1. What tally of residues in region 226-235 results from selecting those that are out of contact with any Phe, Trp or Tyr (no Cβ under 6 Å at 6 or more places or on another chain) and in contact (Cβ under 8 Å) with a residue 40 or more places away in the chain?
2. Are any of the residues in region 121-132 more than 15 Å from the ligand (Cβ to nearest atom), at pLDDT 95 or above and out of contact with any strand residue (DSSP E or B) (no Cβ under 9 Å at 6 or more places or on another chain)?
3. Inside region 62-79, can you point out the residues that are closer than 24 Å to Leu195 by Cα and out of contact with any Leu (no Cβ under 6 Å at 6 or more places or on another chain)?
4. Among the residues that make up region 137-155, is at least one of them buried (at least 17 other Cβ atoms within 10 Å of the Cβ) and small (Gly, Ala, Ser)?
5. For region 36-70: of the residues being more than 16 Å from the ligand (Cβ to nearest atom) and in contact with a strand residue (DSSP E or B) (Cβ under 8 Å, 6 or more places away or on another chain), which is most open to solvent (accessible area, probe 1.4 Å)?
6. Restricting to region 185-225, name every residue that is free of Cβ contacts under 8 Å to residues at least 24 places away in the same chain and under 18 Å from the mean Cα position of the chain (by Cα).
7. What is the residue count in region 168-194 for residues that are more than 17 Å from Gly124 (Cβ to Cβ), open to solvent by 50 Å² or more (accessible area, probe 1.4 Å) and part of a strand (DSSP E or B)?
8. All but one of (1) over 19 Å from Gly134 (Cβ atoms); (2) in contact (Cβ under 8 Å) with a residue 60 or more places away in the chain hold for Ile3; state the number of the condition that does not hold.
Amino acid sequence: MRIIETASYEEMSRLAAGIIGGQILLKPDCVLGLATGSSPIGTYERLVADCASGLLDFSRVRTVNLDEYCGLGAEHPQSYRYFMDSHLFDRVNIPKENTHLPDGIAEDPEAECRRYEALIDSLGGVDLQLLGVGHNGHIGFNEPQGDFPRYVHPVNLTESTIKANSRLFDRVEDVPTRAITMGIGTILKAERILLIAGADKRDILHRALYGEITPEVPASVLQLHRDVTVILVKG
Ligand code: F6R
């Protein structure tokens, strides 16, 4: 595991975009696992700029996102599909059909989870998975619990996650209470993992990276992966 500390969010974003850009240059048809949230916005800005300047070509890149809220369609401004379109996909030359998220309005969420896990496998697996981390140690929407979920699955969000995510909704009651997420097993199948985190995540990251490996701190499972890079903003 490599742990890099940066002086600012901008520097973290520049380094993360450099690693993702390097992956695209090395393998133009790579599969990127992507995340939403505040942490990757600066990284996506840099990738957009590198595409606009001609440095990066997304025309053969495929993407799979970690998660999506249940009940929100693609046109809902708080859906993760909307987030990804507006921050990245609509601003680089990636064919929209190469971009994948779980379908939050699928009639049968269990079937949707099976479809999504199979889709990731059919793409050949993830070359580089970008992650953020929750204050409770969640990765994707894998919340602290009794075991490490292996596959894509539906989850009930914890109160702390609903509260944290309510900043983007008008009212806390509007935050969906369920989501579909890659499982811990799905995430660990990625060839390489890149986790980015602001200074506010320092304490939970310390527990995750140096403490006991336990489903109570889902990110602690990353200690078991062979190729993890963590970029953390210094406090
Ligand atoms: C987002 C996701 C979440 C976030 C985490 C950190 O797709 O799966 O695990 O990465 O909640 O969110 P931010 O970056 O907003 O602090």
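The values are calculated or read from the model by the stated rules, or taken from the named source; none is laboratory data. Just so it is clear, the model here is predicted, and its values are computed rather than measured. With ideal geometry, Cβ positions are generated from the backbone for all residues, glycine too; neighbour counts draw on all protein chains shown. Surface accessibility is based on the protein's heavy atoms, side chains included, excluding ligands, DNA and RNA. Shrake-Rupley method; radii C 1.70, N 1.55, O 1.52, S 1.80 Å.
1. Within region 226-235, residues that are out of contact with any Phe, Trp or Tyr (no Cβ under 6 Å at 6 or more places or on another chain) and in contact (Cβ under 8 Å) with a residue 40 or more places away in the chain number 6.
2. Looking through region 121-132, at least one residue is more than 15 Å from the ligand (Cβ to nearest atom), at pLDDT 95 or above and out of contact with any strand residue (DSSP E or B) (no Cβ under 9 Å at 6 or more places or on another chain).
3. Val64, Leu66, Asp67, Tyr69
4. So far as region 137-155 goes, yes, one or more of its residues are buried (at least 17 other Cβ atoms within 10 Å of the Cβ) and small (Gly, Ala, Ser).
5. Ranking the candidates gives Arg62 first.
6. none
7. The total comes to 1.
8. (1)
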